[in-house]
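Scroll down for the structure; my scribbles are underneath it.
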Amino acid sequence: MKILKYICLLLLVVTITSTQAQSVITIEKAIEIALENNFSIKMAKNNYYISQNNNSLGNAGFLPDVALNVAQSNSVINTKQTFVDGRILDRDGAKSNSLNAGIGLSWTIFDGMKMFTTADKLKELEKKGDLQVKQEVLNVVSEVILNYNLIVASQQQIKVLQQSILLSNERLKLAEDKLTVGTGSKYDLLQAKFDKNADESKVLQQSTQLSSVWNQFKITLGVKSDSVYIITDTLITLKTIDFNTIKKKFDEENLLLQQSEIDKKVAALEKKEVMSARLPSISLNGGYNFLQSTSQAGFLAANQNLGFNYGASLTYPLFDGFNLNRKIQNAELLSKNYELANDYARLQLNNYFVQLYTNYTTSLNQVKLEESNALDAKEILDLAAEKYKNGLLSTIEFRDAQLNFLSANDRLISAKMQAKQLEVELLKMSNSLP
């Protein structure tokens with residue numbers, strides 16, 4: 001009895017604290033918090049920004065390279081020079097210095113169309129980065145929905161167990177009264193006490209499980225463990241999903257299939273990049289240079305050059321030991337593999353989706369069956385309790401009715417959670433989650 005009071009007091013304190021802190025959280029609010037704080041989404045966004053930054057003209061090879069070069073050199077030498085006319089120059093510690101500065105430009109204006117192919121590839125990779133962010137958002141939203149409903153389910157199970165504990169306490173009190181007046185037995189008293197303790201133990205186990213689900217829920221939301229929330233929902237709501245409608249959305253909007261299509265396109269573009277090496281490459285180059293030097297020994301005391309240089313170059317591969325042929329063949333095989341992988345992914349995901357929907361419809365039928373069983377079990381328990389009070393039912397028979405009530409509700413809650421999981425997975429695969 002003390003444990004039951006402690007549990008009720010604990011739930012009351014949590015409710016009051018949460019309400020005062022205005023921390024009642026709906027599933028919509030939970031999704032909003034997760035989309036803002038979840039670490040997986042933040043990392044996926046950063047990866048997308050990387051692909052966005054990589055999608056540039058410079059990275060594709062369209063823009064020139066411009067560099068500034070400055071070099072300064074100095075020397076101190078001992079020199080002795082004898083000229084053909086007999087003059088001799090003998091100097092120790094002769095100093096010389098040189099300053100060379102220039103701006104150089106190198107611009108590949110044609111590389112066998114590789115730069116255009118690379119630009120197309122970078123665009124596809126940016127699209128894939130965007131799809132990966134959306135996929136991570138779907139994963140997080142589905143996790144929020146499932147954990148939210150797991151909390152609702154766990155709270156329902158605790159409520160059912162508390163109802164059973166109330167009956168167990170009444171049964172224990174009745175057994176004590178009968179033993180006092182001499183119409184009962186110690187066996188019935190001990191059995192009633194044992195069953196009550198078993199029910200309270202189940203509540204404690206369920207409370208521990210609830211705490212674990214709450215912890216995972218907060219991790220998904222991206223909030224600290226000491227954040228206080230309360231979920232007031234008492235029902236696991238299930239949707240009715242039309243197969244033709246959801247299947248059409250799956251075919252058109254499944255993010256995994258879209259990413260697989262992009263992988264196939266990227267592999268084909270990489271093959272074109274390799275094949276571009278068969279064509280010539282044309283580059284322009286130019287620069288502006290400044291050179292100044294002085295010397296205390298030698299023919300020139302000072303020298304200065306200033307001016308432009310420019311030109312063009314053409315490179316055409318003639319023979320590289322058949323390496324280019326090998327690279328092209330490997331790229332073709334890799335491209336074919338991505339085509340096969342895309343076909344396999346489409347087949348696998350399509351079959352999985354159809355089976356998922358079949359399981360979903362079956363689970364909805366099971367929910368209806370378990371709802372009927374739970375109602376019957378509650379009615380049987382009420383009748384059994386009345387008969388037990390009037391001495392028309394044995395302890396074992398009453399306990400059986402009690403256990404059947406608990407089992408029926410457990411099966412109902414489990415069936416609803418299974419249906420919810422299948423529903424969320426269907427919506428996630430068809431890109432239909434909120």
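The values are calculated or read from the model by the stated rules, or taken from the named source; none is laboratory data. Model, not experiment: these values are computed from the prediction. Please note: Cβ atoms are built from the backbone with ideal geometry, for glycine as well, and neighbour counts cover all protein chains shown. Heavy atoms of the whole protein, side chains included, go into the accessibility calculation; ligands, DNA and RNA do not. Shrake-Rupley method; radii C 1.70, N 1.55, O 1.52, S 1.80 Å.
What the table below lists for this structure:
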quantity: Pairs beyond 30 Å (Cα-Cα), from Lys114/Lys247; Lys196/Lys239; Lys271/Lys428; Lys29/Lys265; Lys127/Lys248; calculated: Lys114/Lys247; Lys196/Lys239; Lys271/Lys428; Lys29/Lys265
quantity: Cα-based shape type of the chain, given that a ≥ b ≥ c are square roots of the gyration tensor eigenvalues and the cut on a/c is 1.5; calculated: prolate
quantity: Accessible-area composition of the chain, carbon plus sulfur, in percent [1.4 Å probe]; calculated: 56
quantity: With DNA, RNA and ligands ignored, accessible area of Phe62 (1.4 Å probe; Å², nearest 10); calculated: 50
quantity: Which of Met275, Met429 is most accessible, then next, and so on - probe 1.4 Å; calculated: Met275, Met429
quantity: Area of Thr362 that stays accessible when all protein chains are in place (1.4 Å probe, Å², to 10); calculated: 80
quantity: Candidate lysines for bridging to Lys80, where Cα separation is under 28 Å - those fewer than 8 sequence places away on the same chain excluded; calculated: Lys95
quantity: Full-stretch length increase - Asn337, Gln418 - with 0.36 nm per residue and alpha-carbon distance subtracted; calculated: 25.5 nm
quantity: Nearest-0.05 FRET efficiency for Lys45 and Lys378, computed from C-beta distance (R0 35 Å); calculated: 0.10
quantity: Cleavage-rule hits (chymotrypsin sites (Phe, Trp or Tyr not before Pro)) in region 319-351: DSSP loop, at most 12 neighbouring Cβ within 10 angstrom; calculated: Phe319, Phe322
quantity: Given charges at Cβ of Lys, Arg, Asp, Glu: region 363-432 dipole, positive-most of Leu364, Ala374, Ala401; calculated: Leu364
quantity: Accessible surface ranking that places the most exposed of Tyr49, Tyr357 first, with a 1.4 angstrom probe; calculated: Tyr49, Tyr357
quantity: For the chain, size of Cβ-based charge dipole, Lys and Arg +1, Asp and Glu -1, in debye; calculated: 560
quantity: Chymotrypsin sites (Phe, Trp or Tyr not before Pro) within region 71-144: DSSP coil, no more than 10 neighbouring Cβ in 10 Å; calculated: Phe83
quantity: Under the span-like rule (Cα at least 20 Å along the axis, Kyte-Doolittle mean at least 0.5), DSSP H helices of the chain; calculated: 2-20
quantity: The chain, accessible area per residue, ligands and nucleic acids excluded (1.4 Å, Å²); calculated: 60
